[in-house]
1. Being among the small types (Gly, Ala, Ser) and more than 30 Å from ALA245 (Cβ to Cβ) narrows it down to one residue among ALA189, ALA182, ALA163; which is it?
2. Kindly establish whether GLY125 is over 21 Å from the mean Cα position of the chain (by Cα) and closer than 30 Å to ALA30 by Cα.
3. Has region 36-43 got any residue that is at pLDDT 95 or above, hydrophobic (A, V, I, L, M, F, W, C), touching a Cys at 6+ places or on another chain (Cβ under 9 Å) and in a loop (DSSP other than H, G, I, E, B)?
4. Would you confirm whether any residue within region 1-11 is part of a loop (DSSP other than H, G, I, E, B), of a type in the set (S, T, N, Q), modelled with pLDDT of 95 or more and within 17 Å of GLY143 (Cβ to Cβ)?
5. Only one residue in PRO220, PRO205, PRO149, PRO227 is in the same structural domain as ALA286 (by TED's automatic domain parsing) and over 30 Å from ALA298 (Cα atoms), so which one is that?
6. Say we look at region 44-81 and pick out the residues that are hydrophobic (A, V, I, L, M, F, W, C) and part of a loop (DSSP other than H, G, I, E, B); which of these is surrounded by the most Cβ atoms within 10 Å (Cβ to Cβ)?
7. Which is surrounded by fewer than 19 Cβ atoms within 10 Å (Cβ to Cβ), touching a residue at least 60 places away in the same chain (Cβ under 8 Å) and touching a Cys at 6+ places or on another chain (Cβ under 6 Å), of PRO205, PRO220?
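The values are calculated or read from the model by the stated rules, or taken from the named source; none is laboratory data. None of these values were measured; they are calculated from a predicted model. No Cβ is skipped: glycine too gets one built from the backbone with ideal geometry, and neighbour counts run over all protein chains shown.
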Amino acid sequence: MSSSTSSLPAVVLKAGHVRPVWAGHPWVFAQAIERIDGEVQPGDEVRVLDARGNALGRGLCSPGSAIAVRIFSFDPVVGVDAALFERRLERAVMLRRAAGLPEERPGHETTGYRLVHGEGDGLPGLIVDVYGDVLCVQLGTAGLARRAPELLDLLEKLVGPRAIVDRTPAPVAQSEGFVASAGVVRGAAQSELRFHERGLRYELPLVLGQKTGYYFDQRPLRALVEPLVRGSRVLDACCYVGSFALTAARGGAARVLAVDTSAPAIAAARACAESNGFGDRIELAAEEAASAFARVGAQGGADLVICDPPKLAPGPRRGAGRAAHRSEGRAHERVLDAYRSLGTQAARAVAPGGVLAFSCCAGSVSLEELQRALALGARDAGRRALVVERCFQGADHPVPAAFPEGLYLKTLVARIDVS
């Protein structure tokens, strides 16, 4: 589907906006564009040039989006075509194998993981998660949606799944101007996603809509906290399907409370707890995290509190100019205030000397900003937070060195003491 270089439209960047792309940042923001030479439709392949006409790479265009171009190749003679897709997918499979995925050792079986992590695998906007012998995909741009048949063909060829499920969020598709093909798009009909993670079994109904169905990115944190919980009281707030609760129960926690506002998620968590033999050791409740924090705090607190909220920060917005920048700045301050408030509530739920795992899944919030929000939030609760560990997304969620936004998941593991 690639065109010859000379026939491609050219996106010319403003002077002063070239260095990130030159260094390898895969996004071209709308405000960085001086002009577009040629007619461009959503999903078209384009050349990216600096202000002097030097070629920087080739990508797929999303006119009208805040991220106007996603660069697939920094070699101006390498096109965005099936050959590039196949090379990138083969490399993604190789990188997961190098990271030990899938894992088949008894007691450590891991058959659920991220196979393609968008920009980290040189395929901006594409997410592919493995659930045993089923793949779930998200197509984040019009360009990928136009090329979906060849991408699915390649996934079938390289991975051989029993089925492929499209989990592209409808709002994402709408913002990019296409209609997502929700549900099974290749192979046998599915009602559940079945997989193992670190020896724990999961069976999740397809109706659950978070990400592609599960949070594979928190696997490192689950492995980190499991040895810490023996004999402890644990609160898993915003628990979704209870993966931290299951980890804590297996680690020997004395009491585990897991809460989430989603009744279907709680039902799935209960089924997973039963199937793993922990049904009588985990208390599950459909409850707001704030309510659970207050209730547990009033009871003396938990020894370990997991605070892993849904994303609080918006993604890149449409538009450019000073007004848009001011609006984004105010929105960012509100996000930081929200994390500070959450830090206050969570800190009050931790028993003196206990541990809080405080997570943020927004790429726009830096580790330093999250740490400051926790410090201020703990102070507002009359506590002090001492960070003893930091945790990030796993090796199946790689990040280009030139793409700081890609390190979206960050967790501070902190001891919480009374001031």
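1. Working: ALA182 fails: more than 30 Å from ALA245 (Cβ to Cβ); ALA163 fails: more than 30 Å from ALA245 (Cβ to Cβ).
So the residue among ALA189, ALA182, ALA163 that is among the small types (Gly, Ala, Ser) and more than 30 Å from ALA245 (Cβ to Cβ) is ALA189.
2. Details: over 21 Å from the mean Cα position of the chain (by Cα): no; closer than 30 Å to ALA30 by Cα: yes.
For GLY125, the condition - over 21 Å from the mean Cα position of the chain (by Cα) and closer than 30 Å to ALA30 by Cα - is not met.
3. yes
4. So the first thing to find is which residues in region 1-11 are part of a loop (DSSP other than H, G, I, E, B), and the list is 1-4, 8-9.
After this cut, where a residue has to be of a type in the set (S, T, N, Q) as well, the list is 2-4.
Next, only the ones that are modelled with pLDDT of 95 or more stay: none.
No, because not a single residue in region 1-11 is part of a loop (DSSP other than H, G, I, E, B), of a type in the set (S, T, N, Q), modelled with pLDDT of 95 or more and within 17 Å of GLY143 (Cβ to Cβ).
5. Working: PRO205 fails: in the same structural domain as ALA286 (by TED's automatic domain parsing); PRO149 fails: in the same structural domain as ALA286 (by TED's automatic domain parsing); PRO227 fails: over 30 Å from ALA298 (Cα atoms).
It is PRO220.
6. First, pick out the residues of region 44-81 that are hydrophobic (A, V, I, L, M, F, W, C): 46, 48-49, 51, 55-56, 60-61, 66-69, 71-72, 74, 77-78, 80.
Now restrict to residues that are part of a loop (DSSP other than H, G, I, E, B): 51, 66, 74, 77-78, 80.
Details: ALA51: 13, ALA66: 18, PHE74: 20, VAL77: 9, VAL78: 16, VAL80: 25.
That would be VAL80.
7. On the way: PRO205 fails: touching a Cys at 6+ places or on another chain (Cβ under 6 Å).
Exactly one of PRO205, PRO220 is surrounded by fewer than 19 Cβ atoms within 10 Å (Cβ to Cβ), touching a residue at least 60 places away in the same chain (Cβ under 8 Å) and touching a Cys at 6+ places or on another chain (Cβ under 6 Å), namely PRO220.
Listed here are the residues, each with its yes/no results for (1) part of a strand (DSSP E or B); (2) modelled with pLDDT of 90 or more; (3) small (Gly, Ala, Ser); (4) crowded, with 19+ Cβ neighbours inside 10 Å.
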{"position": "LEU304", "(1), (2), (3), (4)": "yes, yes, no, yes"}
{"position": "ALA313", "(1), (2), (3), (4)": "no, no, yes, no"}
{"position": "GLY319", "(1), (2), (3), (4)": "no, no, yes, no"}
{"position": "HIS325", "(1), (2), (3), (4)": "no, no, no, no"}
{"position": "GLU328", "(1), (2), (3), (4)": "no, no, no, no"}
{"position": "ARG334", "(1), (2), (3), (4)": "no, yes, no, no"}
{"position": "LEU342", "(1), (2), (3), (4)": "no, yes, no, yes"}
{"position": "LEU370", "(1), (2), (3), (4)": "no, yes, no, yes"}
